[in-house]
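Following: one structure in structure tokens, then a few remarks.
The values are calculated or read from the model by the stated rules, or taken from the named source; none is laboratory data. All values reported here derive from a predicted model rather than from experimental measurement. Note: ideal-geometry Cβ built from the backbone for every residue, glycine included; neighbour counts use all protein chains shown.
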Amino acid sequence: MGDFAFRVMSSMLSSEILPAFLRTPLMRAAGFKISKDACIWSGASFRSKRVVIGSGVFINIGFYHDGYDMLEIGDNVRIGPFVKVITATHDIGPSSQRGMIEVVGKPVTIKDACWIASGVTILPGVTVNRGCVIAVESVVYDDTEADGLYAGNPARRVRDLDP
């Protein structure tokens, strides 16, 4: 499917008019790898089909995945409103040109049982390990360790959570 056709289909799938209970089956029919019992609310933007979404996942309104590289979301993950997952970056480059033109893709993984709160940004190459909570508006630039509460910009482990 051409880029334009994909963007039209993607905007239709993210429409407020389309009920959430129909969105997942339609996305699956369009070739997205999404568990049958995942729930994706309106306004979710997937810029490609480079995504695998596990069982029991809930994705709230305004979610954004740039689609450049893979996004894998494990089982029983909760994603709050307006979360951004970025998988594309650029090499810094020499002083004559910062931000090289060539795009570098780095996949993002969110493992089972995580809660990603509202407004979080997850940067390229990050793995959010099992059972983590990422606090509101945090920016995750590095892998997390399992069962931790992370907060801030950059996100830091604030405390341990019961496994």
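Can you report the number of residues in the range 50-60 which are buried (at least 17 other Cβ atoms within 10 Å of the Cβ) and assigned to a loop (DSSP other than H, G, I, E, B)? It would help to see each step written out before you state the result.
Here is the first cut: in the range 50-60, the residues buried (at least 17 other Cβ atoms within 10 Å of the Cβ) are 50-51, 53-54, 57, 59-60.
Applying the additional criterion that residues be assigned to a loop (DSSP other than H, G, I, E, B) yields 50, 54, 57, 60.
Of the residues in the range 50-60, 4 are buried (at least 17 other Cβ atoms within 10 Å of the Cβ) and assigned to a loop (DSSP other than H, G, I, E, B).
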* Asked: Restricting the search to the range 89-125, which residues are in contact with a Phe, Trp or Tyr (Cβ under 7 Å, 6 or more places away or on another chain) and part of a loop (DSSP other than H, G, I, E, B)?
  -> 118, 119, 123
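Name the residue that is modelled with the highest pLDDT, counting only residues in the range 68-117 that are of a type in the set (Gly, Ala, Ser) and at positive phi.
The extreme case among them is 113.
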* Asked: Taking the range 10-34 only, how many residues are assigned to a helix (DSSP H, G or I), surrounded by fewer than 17 Cβ atoms within 10 Å (Cβ to Cβ) and among the charged types (D, E, K, R)?
  -> 1
* Being closer than 23 Å to residue 137 by Cβ and assigned to a strand (DSSP E or B) is the filter here, so list the residues in the range 61-81 that pass it. => 64, 65, 71, 73, 78, 79
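What about residue 37, is it among the charged types (D, E, K, R), assigned to a loop (DSSP other than H, G, I, E, B) and over 20 Å from residue 127 (Cβ atoms)? Don't jump to the end; show me each part of the working.
Details: among the charged types (D, E, K, R): yes; assigned to a loop (DSSP other than H, G, I, E, B): yes; over 20 Å from residue 127 (Cβ atoms): yes.
Considered against the rule, which asks whether it is among the charged types (D, E, K, R), assigned to a loop (DSSP other than H, G, I, E, B) and over 20 Å from residue 127 (Cβ atoms), residue 37 comes out as yes.
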* Asked: Got a number for residues in the range 4-35 being over 14 Å from residue 67 (Cβ atoms) and not aliphatic (A, V, I, L, M)?
  -> 10
